[in-house]
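Novice: Submitted below is the structure of interest, expressed as structure tokens.
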Amino acid sequence: MALYNVLYLSHQTIWFNAINHGFEQLARTNPGWTYSVTTTAQETQPTPNLYLLDLTEEKEVFVESFPVPSPRMLVMVHASQRRLIKQLFQQSRCSILCVDEHFFNFREIIESSMRNKRFLSPFIREITTHVPSSEEIIVLTDAESKVLDFIREGKSGVEISQALFRSQKTISSHKRNIMRKYGVRDDLGLKKKLLVLAESAC
């Protein structure tokens with residue numbers, strides 16, 4: 001019989017009961033699978049498969065204080081906590097569940113945690129589509145950053161070359177590196193990407 005261990009790190013609220021009910025339903029429909037939800041870690045217990053943290057009342061958190069910096073940490077938030085969601089998505093690898101959603105898959109939560117893969121409920125996936133996570137942050141060299149600043153201003157390769165006192169070949173090389181790092185193939189793709197990033201930063 002497979003036993004799935006959950007450690008609930010917050011005080012018990014309605015969300016504790018809802019999560020417990022969800023796991024109970026899953027156990028009922030999957031013979032041979034069972035679970036335990038505890039609120040205190042004990043030495044005699046096996047290592048939890050999932051850590052649950054209720055942040056539905058919080059405005060800001062210190063990600064560094066999380067007991068486990070991995071997808072096995074499932075954080076619960078409200079849809080209205082956009083800034084907190086963005087912070088969690090960018091600064092950690094934790095899984096994120098929006099408690100306002102009616103359609104998410106408990107089985108997917110379990111499978112993700114067992115594979116150490118980040119779970120994001122549908123609403124969270126939707127609003128973080130264009131937000132770079134801690135694993136996706138793009139690092140540019142100083143020269144590439146300067147070139148990118150001019151590109152944002154709408155300058156041409158010739159204008160950038162003259163402003164930075166570099167050959168057009170060098171500027172083109174920096175531009176190719178920038179496009180590769182942003183995962184785009186041409187100038188139009190780069191402009192669209194920069195526009196999306198500017199909107200998501202607002």
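Novice: Please find, within the range 112-121, the residue that is modelled with the lowest pLDDT out of those that are surrounded by 13 or more Cβ atoms within 10 Å (Cβ to Cβ) and of a type outside the set (S, T, N, Q).
Specialist: This residue is Met114.
Novice: Right, something else. Restricting the search to the range 43-95, which residues are over 18 Å from Glu111 (Cα atoms) and of a type in the set (D, E, K, R)?
Specialist: Glu43, Asp54, Glu57, Glu58, Lys59, Glu60, Glu64, Arg82, Arg83, Lys86
Novice: Kindly provide the set of residues from the range 3-17 that are open to solvent by 50 Å² or more (accessible area, probe 1.4 Å) and more than 18 Å from Phe104 (Cα to Cα), ordered by number. Can you show your working first?
Specialist: Going through the range 3-17, the residues open to solvent by 50 Å² or more (accessible area, probe 1.4 Å) turn out to be 3, 9, 11-12, 14-15, 17.
Listed by number, the residues that qualify are Leu3, Leu9, His11, Gln12.
Novice: Being open to solvent by 40 Å² or more (accessible area, probe 1.4 Å) and in contact with a His (Cβ under 9 Å, 6 or more places away or on another chain) is the filter here, so list the residues in the range 144-158 that pass it.
Specialist: Lys146 - this is the single residue of the range 144-158 that is open to solvent by 40 Å² or more (accessible area, probe 1.4 Å) and in contact with a His (Cβ under 9 Å, 6 or more places away or on another chain).
Novice: Mind checking which residues of the range 38-76 are β-branched (Val, Ile, Thr), within 18 Å of Val99 (Cα to Cα), out of contact with any Cys (no Cβ under 6 Å at 6 or more places or on another chain) and without any contact (Cβ under 8 Å) to a residue 40 or more places away in the chain?
Specialist: Within the range 38-76, just Val61 meets the criteria.
Novice: Would you please list the contacts, defined by Cβ atoms under 7 Å and residues six or more apart or on different chains, that run from a residue in the range 111-136 that is closer than 13 Å to Pro71 by Cα and aliphatic (A, V, I, L, M) to a residue that is at pLDDT 85 or above and surrounded by fewer than 19 Cβ atoms within 10 Å (Cβ to Cβ)?
Specialist: Listed by first residue and then by second, the contacts come to Met114/Asn49.
Novice: Just the residues that are hydrophobic (A, V, I, L, M, F, W, C) and within 13 Å of the chain's Cα centre (by Cα), please, taken from the range 56-75.
Specialist: Val63, Met73, Leu74, Val75
Novice: Considering only the range 54-96, state which residues are within 20 Å of Thr128 (Cα to Cα), aliphatic (A, V, I, L, M) and not in a helix (DSSP H, G or I).
Specialist: Leu55, Val61, Met73, Leu74, Val75, Met76, Val77, Ala79, Ile96
Novice: Do you know which residues across the range 170-202 are in a helix (DSSP H, G or I), open to solvent by 40 Å² or more (accessible area, probe 1.4 Å) and within 29 Å of Leu84 (Cα to Cα)?
Specialist: Listed by number, the residues that qualify are Lys181, Lys191, Lys192, Lys193, Leu195, Val196, Leu197, Ala198, Glu199.
Novice: Ok, one more. For the subset of the range 18-42 comprising residues that are in a loop (DSSP other than H, G, I, E, B) and either in contact with a strand residue (DSSP E or B) (Cβ under 7 Å, 6 or more places away or on another chain) or farther than 17 Å from Leu3 by Cβ (or both), which member is least open to solvent (accessible area, probe 1.4 Å)?
Specialist: The extreme case among them is Gly32.
Novice: Have a look at Ser161, Ser167, Ser95 and point out the one that is in contact with a Ser or Thr (Cβ under 7 Å, 6 or more places away or on another chain) and either exposed (fewer than 13 other Cβ atoms within 10 Å of the Cβ) or touching a residue at least 60 places away in the same chain (Cβ under 8 Å) (or both).
Specialist: Exactly one of Ser161, Ser167, Ser95 is in contact with a Ser or Thr (Cβ under 7 Å, 6 or more places away or on another chain) and either exposed (fewer than 13 other Cβ atoms within 10 Å of the Cβ) or touching a residue at least 60 places away in the same chain (Cβ under 8 Å) (or both), namely Ser167.
The values are calculated or read from the model by the stated rules, or taken from the named source; none is laboratory data. Just so it is clear, the model here is predicted, and its values are computed rather than measured. Positions of Cβ are backbone-derived with ideal geometry, glycine not excepted, and every protein chain shown enters the neighbour counts. All accessible areas refer to the heavy atoms of the entire protein, side chains included, with ligands and DNA or RNA removed. Shrake-Rupley method; radii C 1.70, N 1.55, O 1.52, S 1.80 Å.
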